[in-house]
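Below is one structure; the comments refer to it alone.
The values are calculated or read from the model by the stated rules, or taken from the named source; none is laboratory data. Since the structure is predicted, the reported quantities are computational estimates derived from the model, not experimental observations. Cβ: placed from backbone, ideal geometry, glycine included. Neighbour counts: every protein chain shown. For accessibility, only protein heavy atoms count, side chains too; no ligands or nucleic acids. Shrake-Rupley method; radii C 1.70, N 1.55, O 1.52, S 1.80 Å.
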Amino acid sequence: MTKKPVVLVIMDGVGKGDGGPGDAVKLANTPNLDRLFATCPHNWLKAHGTAVGLPTDDDMGNSEVGHNALGCGQIYSQGAKLVGESIETGALFQSETWKGLVANCNENGKAFHFLGLLSDGNVHSNIHHLFALLRHAHAEGVKRAYCHILLDGRDVPATSALEYVAQLEDLLRELNTEGCDYAIASGGGRMQITMDRYEANWPMVEAGWRTHVQGLARRFPSAKEAIETYRAETNCIDQDLPAFVVERNGQPVATIANGDSVVLYNFRGDRAQEISLAFDRKDFDKFDRGDYTGVDFAGMLEYDGDLKIPTHYLVQPPVIRNTLTELLCAHKLREYAVSETQKYGHVTYFWNGNRSGKVSEELETYEEIPSDVIPFDQAPAMKSKEITDCMVKAMESGKYDFLRCNFPNGDMVGHTGNIEAVVRAMECVDEGVGRIIEAGKRLGYVVLVTADHGNADQMLETKKGKTSIRTAHSLNPVPFIVYDPGVEHTLKEGKFGLANVAPTVATLLGLTPPTCWEESMLAAPPHPIFLINKEVFRMIRRQNELGEIAVSNNVYTYIAGSAATNCFGVKGMAIRSMKDGLVHLLRRESLAKGVLVRTNEDGTISVDLHIIVDQGVNIPALGSSILNEVRYVVSQQTETEIREVNILVDSMMTD
């Protein structure tokens, strides 16, 4: 390989904070990162919401979708669309998780409970997903199924709950065949019970628990009557309506009992995690769960891959194709990936499109460093030194064309909420980055530094005048830095996300990114045709005489001979003919055959000619003549406007 090898350093959980007292990235002493930002080209990348396939830009990024985007150069659906596809293909109902939930009901006589937001807002949930789950449960013989509904009024009209309740009641009547009991059991406004996020209000989750599990809320004969009564009494919109329990014969229709099957059908993670922990964790301690001993619980998706919330879920992450690893293996380029246990799966499984194993055993080397089993804020360095040691050793081996590593510190220590520890974690990451940069300079690597999402950059949040510790991911952009001593790189201006990293890596390695990818962030170089020295010119001339394609300074391709077809984005027979005409022009004038046709962003084309003439030739007159003939040749073959014709003239030389 003639291109420099490329290193990618992923600083997990490191975004661009506000520089305030909660910005542990800024608080830390990071001389290496400071120097990179001061001296290297860099961009800030969007790492949340639609940039990583999530439904809205209110959705936090996470390590799983972040590494998916980093590793495949594409934006795959990660929320509502993913669930819809899984339902449509039947994959959800063939999953071991779904089969186990149904079997628990049918074999053990347990009830099936469905908890979630009741609307078609498609931000946290979709009512049609619930309908599909209910229909399949009925078709598979489940006799008792109960819905615990959270009223929206936020992602849909403020007082639309009765419309969704009516749709649900119609379906439940249809499913209430002989021997079946399908009903609404409990509910309440989404901002009153169950759906807290970022651990801001555990009493809100507790209120949901008391309602859904213990039946401890005001009782009504139906959900419709509960909504109408509360509206009349409180004048509240749907999201703020108090909790309610539907009763029958003086008793709750159903509560979630020990051993039952439970599905949380929300697909968005932030407001699903806390209630999932309450159902899923034996060591849960945020409130007293009473006599609860456990249920068969599953989420619609995995809401947090780092913390494994929940343990079981219905829809697997998407299978992603055309990854960077596939491209590199197709070109026989060797890869190396390393991290400690906490993020090893992210630089391998998630990086490779949620795919276990390797594309090529011969070309890929993965190394896992076991994480310590200790609270991360007690050892904020984690395995950063060991990761760096392995990375530098792999670089020194000279075996690999592309190397990547993940430093988990910013994210895993960030989740502890211990700001002092997070500051130290960032300093350890900076030390590792510094050593990798030094090795890159010494060994001739391009080093890229980025992150998968924010966390350490926002450790505090203020709500209603009260500032508290924040442990969740941030919505802040993450860095992308290019370190390549002695080479000037220009990054394009514009808005970019994590999916733009893979095409940039591919471009640096001299590969053409697949058309399904996002664009590379590297800008086209500024006319290096004018920088060619005589030695390079001799090389071009010799290769032109052989009818080959020559590359100067690893930047532009000079097209030589009528058989050459590479025209830099200008396609079609007309352009080939145009190029052949230009080559013929140079031959006729006894000039060197260096021709480049470029497509500009505005749709125009530029033509670069590298010619050689005898000494004493009237250069201005010759240039004017060539310019007119070039315009004529181009006009005969295409209607594309010529923006410029650049002519590099050299005196005749002998080898």
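The mean sequence separation of alpha-carbon pairs under 8 Å and at least six residues apart, normalised by the residue count of segment 163-284, gives a relative contact order of 30 percent. The accessible-area ordering, largest first, of the residues 169, 174, 420, 368 stands as 420, 174, 368, 169, per a 1.4 angstrom probe. By the compact-protein rule of thumb, 2.2 N^0.38 Å, the alpha-carbon radius of gyration of segment 76-187 corresponds to a ratio of 1.08. Building the convex hull from the alpha-carbon atoms of segment 303-364 and averaging its projection over directions returns 4.6 nm².
Report, to the nearest whole %, how much of the accessible area of segment 21-125 belongs to carbon and sulfur atoms, 1.4 Å probe, protein only. Heavy-atom surface of segment 21-125 belonging to carbon and sulfur, 1.4 Å probe: 49 percent.
For segment 229-311, the relative contact order is 30 percent, taking Cα pairs closer than 8 Å that sit 6 or more residues apart in sequence and dividing their mean separation by the residue count.
With 5 Å bins beginning at zero, the pair-distance distribution over Cα atoms of segment 235-327 amounts to 2, 10, 16, 16, 18, 15, 9, 5, 3, 2, 2, 1, 0 %. Give me the Kirkwood hydrodynamic radius of segment 172-289 in Å, from all C-alpha pairs, to one decimal place? Averaging 1/r across every pair of different Cα atoms and inverting gives 15.2 Å.
Summarising the overall dimensions of segment 284-436 from its C-alpha atoms, the Rg and Dmax are 18.3, 60 angstrom.
Accessible area per residue was computed with a 1.4 Å probe on protein heavy atoms; residue 508 scores about 20 Å². Seen from all directions on average, segment 397-452 presents a Cα convex hull projection of 4.3 nm². Solvent exposure of residue 348, expressed as accessible area, is near 10 Å², computed with a probe of 1.4 Å over the protein chains only.
Residue 447 sits among other residues whose Cβ lies under 13 Å from its own Cβ, and their net charge, with Lys and Arg +1 and Asp and Glu -1, is +4. Quick check on my link table: of 46/81; 26/81; 46/385; 3/492; 383/463, which ones sit more than 31 Å apart, alpha carbon to alpha carbon? Flagged as over cut-off: 26/81; 383/463. Compactness of segment 407-483 was expressed as the Cα radius of gyration divided by 2.2 N^0.38 Å, which yields 1.30. Computed with every protein chain present, the accessible area of residue 331 is close to 100 Å² [probe 1.4 Å]. Treating segment 202-267 as a set of equal point scatterers at the Cα positions, no solvent, please give the Debye-formula log₁₀ I(q)/I(0) at q = 0.11, 0.18, 0.27 Å⁻¹. Cα-only, vacuum Debye calculation for segment 202-267: -0.29, -0.76, -1.25.
Spatially, segment 135-187 and segment 353-397 are offset by 47 Å when compared through their Cα centroids.
Note on segment 12-96: Cα Rg divided by 2.2 N^0.38 Å, N the number of residues, gives 1.48.
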